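J.: Mind looking over this structure? Questions follow.
Taken together, the values in this text are just the output of simple stated rules run on the coordinates, not laboratory data. Keep in mind it's a predicted model, so treat the numbers as computed, not measured. Here Cβ is always computed from backbone atoms with ideal geometry, including for glycine, and neighbour counts include all displayed protein chains.
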Amino acid sequence: MGSGSSSVQTSQLVAAALITLAAVARAAGTAPTENARIEYLLGVVASLHDARFIRNGSAYDSAAAVDHMRTKLRIAGSHVKTAEDFIRYCASESSVSGKPYEIRFADGRVVYSADFLRQKLREFDKQREGPD
């Protein structure tokens, strides 16, 4: 097989994945635009390699934080219809203790996860709206 064949296969895999993602989002009652907003937030968390995510007093890296949020998203199921629901149900506090999740940045600054993600979501939405 040549490299052109590999490129076509990759494109087909990407297309199939996007179609599957859209179908799953619709089946779960989440609009594709809301799913994109949720995936954006998960991507933001994943990109914070130097930060620590504080959950119930323990610190976790960004990969563990994303895994935990994805698990909570699967468990929440149809309760999560919007990115705001995702923040509320999956990314703001422990469902066990009720303690808020925090993010500790490399410079020592600590913020509530919910506040940080809401700000990032506002920035994302504003960017998608485009210039005035």
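J.: What's the total number of residues in the range 86-132 that are in a loop (DSSP other than H, G, I, E, B) and farther than 23 Å from A76 by Cα? Write out each step before concluding.
T.: To start, the set of residues in the range 86-132 that are in a loop (DSSP other than H, G, I, E, B) comprises 91-92, 94-99, 101, 105-109, 130-132.
Those still in the list that are farther than 23 Å from A76 by Cα too: 105-109, 130-132.
Residues flagged as in a loop (DSSP other than H, G, I, E, B) and farther than 23 Å from A76 by Cα within the range 86-132 amount to 8.
J.: Could you tell me whether the range 33-41 includes any residue that is within 19 Å of F124 (Cα to Cα) and among the aromatic types (F, W, Y)?
T.: yes
J.: Taking the condition of being farther than 21 Å from H49 by Cα, hydroxyl-bearing (S, T, Y) and loosely packed, with under 14 Cβ neighbours inside 10 Å, how many residues in the range 60-93 meet it?
T.: Counting residues in the range 60-93 that are farther than 21 Å from H49 by Cα, hydroxyl-bearing (S, T, Y) and loosely packed, with under 14 Cβ neighbours inside 10 Å gives 1.
J.: Are any residues in the range 39-85 in a loop (DSSP other than H, G, I, E, B) and of a type in the set (A, V, I, L, M, F, W, C), and if so, which ones?
T.: L48, A51, V80
J.: Could you list, in sequence order, the residues of the range 95-105 that are surrounded by 14 or more Cβ atoms within 10 Å (Cβ to Cβ) and not hydrophobic (A, V, I, L, M, F, W, C)? Before you say what the answer is, go through the steps one by one.
T.: Initially, the range 95-105 is screened for residues surrounded by 14 or more Cβ atoms within 10 Å (Cβ to Cβ), giving 100-104.
Residues satisfying the conditions are P100, Y101, E102, R104.
J.: Oh, and also: Looking only at the range 94-119, filter to residues that are more than 13 Å from the chain's Cα centre (by Cα) and of a type in the set (S, T, Y); which one of those is nearest to I54 (Cα to Cα)?
T.: Y101
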